[in-house]
Ligand code: SAH
């Protein structure tokens, strides 16, 4: 707790064999027992390896220099670390892996992203492998490892668990058969928000797939009571997802910028905007990292990520508040919606010198104003 925005954005070098591995708050795959076990288990096989969920690159690191290692990463925070560490990586979802191009695939199960995303990742791994190729699959027994391992074995043919530690597992599988084709990944659904109809489009792995989160609706309800028109006002949506807040705010006349760390969400946001004939900027950005130094906003909104016990996520939520404090024009307002048990009040009081609670139902909507103006 207590990270400043500068500290949040700072990359920290850790020593690694043959170089340095950069890590930062908000970037996955570091100090994570699943990645630790993976890192102690992987060994080279063939010429080309593919890491489909590298995070900062820890899990497949022992392969570096012994095989050609390609990495597909969707998080901007993690990608910045990979680049700085000099590890070859591409910003792309797992299903964009080159077909049949690899002898080895490394996959830490992205269990937090839901089963549609995990299943698409497993299928992508099967397609990326040459016949006879191998997969290291790492996961947590308490987060569906057994079920996904079984699914992967059905897909590939052969597999066994090769490392165990507490609830953590690494399995080694071999591709003995051809996988079924990748199914269509895009989904869409309709929603009524503030009396208007929207069609949202999204890929697997986005927040609140299939229906708009109740907390997001509550934030919009509170905001529309507080601010009657957004005409000509600059609005920032921190963690925009597929656009549950960005689209309605753009329709209310705001010049909206959505920042979002996850590439799959950014692609979903862009498609949703286009499908609804709305325009807003959709930036692939770790918090406010992709904004210019001078960018300031009249209104900032967020439904921040949270997962009880997930330190990475709390760092991010806190960085959102810090970014809001830094990016509001004098007189500007910050709207945040959260679970009632999350204690944002003290942080708002500290950063803004004021806050009020606008609505409390299943969630609470908090509001803080930047002094001056
Ligand atoms: N505003 C959307 C999504 C809210 S969930 C809605 O109301 O439905 C929070 C979002 O924050 C997720 O889409 C998540 O991918 C994104 N996020 C997580 N870490 C982030 C970071 N470091 N920078 C920007 N966005 C981030």
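Arranged from fewest to most other beta-carbon atoms within 10 Å of their beta carbon, 41, 4 become 4, 41. Relative to the longest principal axis of the Cα atoms of the chain, the long axis of helix 311-327 makes an angle of roughly 40 degrees.
Measure out, as a whole number of angstrom, how far apart the alpha-carbon centroids of segment 202-235 and segment 2-66 sit. For segment 202-235 versus segment 2-66, the Cα centre distance is 34 Å. In segment 1-155, the DSSP beta bridges split such that about 25 percent are antiparallel, to the nearest 5.
Seen from a random direction on average, the alpha-carbon convex hull of the chain projects onto 18.1 square nanometres.
Does segment 178-324 come out rounded, prolate or oblate by the C-alpha gyration tensor, with a ≥ b ≥ c the root eigenvalues, rounded set by a/c under 1.5 and, if not, prolate when a/b is larger than b/c and oblate if not? Note, shape of segment 178-324 comes out oblate. Taking R0 as 41 Å, what FRET efficiency do you get between residue 354 and residue 7 from their Cβ-Cβ distance, rounded to the nearest 0.05? Calculated value: 0.95. Three semi-axes describe the equivalent ellipsoid of segment 85-244; taken as square roots of 5 times the Cα gyration tensor eigenvalues and ordered largest first, they are 39, 17, 15 Å. A straight chain from residue 194 to residue 329 at 0.36 nm per residue would run longer than the Cα-Cα distance by 46.0 nm. Of the residues 87, 137, the one with the fewest other Cβ atoms within 10 Å heads the list, and the complete ranking is 87, 137. Full extension of the chain between residue 96 and residue 84 yields a length gain of 2.0 nm, computed as 0.36 nm times the residue separation minus the alpha carbon distance.
Fewest neighbouring Cβ atoms within 10 Å first, the residues 221, 70 line up as 221, 70.
Rounded to the nearest 10 degrees, the inclination of helix 214-226 to the longest alpha-carbon principal axis of the chain is 20 degrees.
At 222 nm, what helix-only mean residue ellipticity would the chain give, in deg cm²/dmol to the nearest 500, using -39500 (n - 2.57) for each DSSP H run of four or more? Intermediate results must be reported in sequence, preceding the final value.
Numbers: 10 runs with 106 residues, N = 373.
Result for the chain, helices only: -8500 deg cm²/dmol.
For segment 29-115, the equivalent ellipsoid derived from the Cα gyration tensor has semi-axes of 17, 15, 14 Å, listed largest first. Helix 145-156 and the longest principal axis of the Cα set of the chain meet at an angle near 60°.
Extension gain for residue 68-residue 296 works out to 77.8 nm (0.36 nm per residue, less the C-alpha to C-alpha distance). In terms of its C-alpha gyration tensor, segment 129-191 has an oblate overall shape, because the principal axis ratio a/c (a ≥ b ≥ c, square roots of the eigenvalues) is not below 1.5 and a/b does not outweigh b/c.
Since every read-out is calculated from the coordinates, none of them should be taken as a lab result. Please read all numbers here as calculations on a predicted model, not as lab measurements. Backbone-built Cβ (ideal geometry, glycine too); neighbour counts: all protein chains shown.
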